[in-house]
Every structure is written in structure tokens, then in C-alpha cells.
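Single-structure report; data block below.
Just so it is clear, none of the values below were taken in a lab; they were calculated from the coordinates. Only a predicted model underlies this, so the values are computations on that prediction, with no experimental measurement involved. All Cβ positions, glycine included, derive from the backbone under ideal geometry; neighbour counts span all protein chains shown.
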Amino acid sequence: MSLYELAAELREVEELIEAAEAEGAQAAPALLSETIDCIEMDIAAKVDSVVRYIENEGAREAALAEEIKTLQAKKKTAEKRQQWLREYLRDFLLNTGRDKFETRIRKVSLKKPVKSLNVDLSKLSEWDEKLYATAVKIGAVEEKREVKKTLLKAMPDYLSLPGVEEVEGEYSIIIR
């Protein structure tokens, strides 16, 4: 029986006791009082079961949290190992002067570095007002002072702006 059902039974018996006392019955309340004691014992047993279940779920949650930490650490290790192996292959190709290497199963090739823009946001205030207005107009600079580098390249002489520099990327590898 659930706690809801036991609570409903308890209310019914209490109502019977009140009705019997209102009618002046002497023996009925004592008999019904024993029934209340039995129902309360059932309720206490049910509450104990629910509390044990709550505690078990708490322990299960803690174990799952530990398992998540362990799995996250393993994932991070696997990511680092994969990155290291990619760099190892890249360095091999660069050191041997090859731009690709083929096996029976795979092709590994170098991907040329891509130039990207590095923008020092603290130097935006040093930009010429006209150039800054142009950058805002084309959407390269937003109100929050975020710079969209791809749009900034659409401006003439964007490399002459204070705090803007073109950075050479690194070679990477492609595995097919």
C-alpha cells in the first residue's frame, strides 16, 4: 500500500472515532484506536522504506558523479593523445620534406597553414573614426566591441589598423 492510501485510511478511521465519540459510544474509540496504531506502524515502515530509497539514490548519484569525473579525465587523456599523435605525424612529414604519405589503407597529407587575424580589442579606440565607422557599417565591429575578422578583411588597409595583425597558422594533417 502506498503512503497516500495509508493516509486516506488513517483519515477514515479518525473520522469514525470522531463520529463514535459524538454518538457517545465508549468501546468503539478504543477499538478504532488500535486500528490507528496498526496503520501508523504501516506508515512508519513505509516512511523508513522511502528514506532508505532516498539514501540509496543519494549514494548512487555520488557514485555516478565520480564515474563522470573518471570518464571526463579519460576523455581528456584520449584527446591529448590524439593531438600528440597528429603532431607526431605532422612533424614526420615536415622533417622528411613530404607533403603526403600513402599506405595501403590511408592517405596522410599536410594542410598548408591558414593566415588568420589577431585583433587586440584594447586598441579599437585608436582606430581612425572614419575606418571605425566603416567597420561598424559593414558589420565587422559590433556594439559589444566584438570583431568579426572575416568581415574586417573586406576593408581596405585593414592591416594598417592599430592592434590588427595577420598571424601565420601551423601546418596540420588530413587523414583520409
Exposed GluC sites (Glu not before Pro) absent - longest run of the chain, DSSP non-H/G/I/E/B, at most 15 other C-beta within 10 Å:
1-141
Could you name the lysines in cross-link range of residue 111, using Cα to Cα under 27 Å and dropping any fewer than eight places away on the same chain?
75, 76, 80, 100, 148, 149, 153
Calculated over the chain: convex hull of Cα atoms, volume per residue (Å³):
295
With a point put 7 Å past each Cα toward its Cβ, work out how far residue 71 is from residue 116 in nm, to one decimal.
3.0
Extension gain from residue 41 to residue 98, taking 0.36 nm per residue of separation minus the Cα-Cα distance:
12.3 nm
Scattering from the C-alpha atoms of the stretch 112-168 alone, worked out with Debye: what is log10 I(q)/I(0) at q = 0.17, 0.19, 0.23 1/Å?
-0.48, -0.60, -0.87
Let me make sure I get this right: for the stretch 51-128, a, b and c are the square roots of the gyration tensor eigenvalues over alpha carbons, sorted descending. Under 1.5 in a/c it's rounded, otherwise prolate if a/b > b/c, else oblate. Which is it?
oblate
Stokes-Einstein, Kirkwood over Cα pairs, the stretch 3-74, 37 °C, 0.692 mPa s; D in µm²/s equals 214
Within 10 Å of each residue's Cβ, count the other Cβ atoms and sort 17, 138, 105, 175 from fewest upward.
105, 175, 138, 17
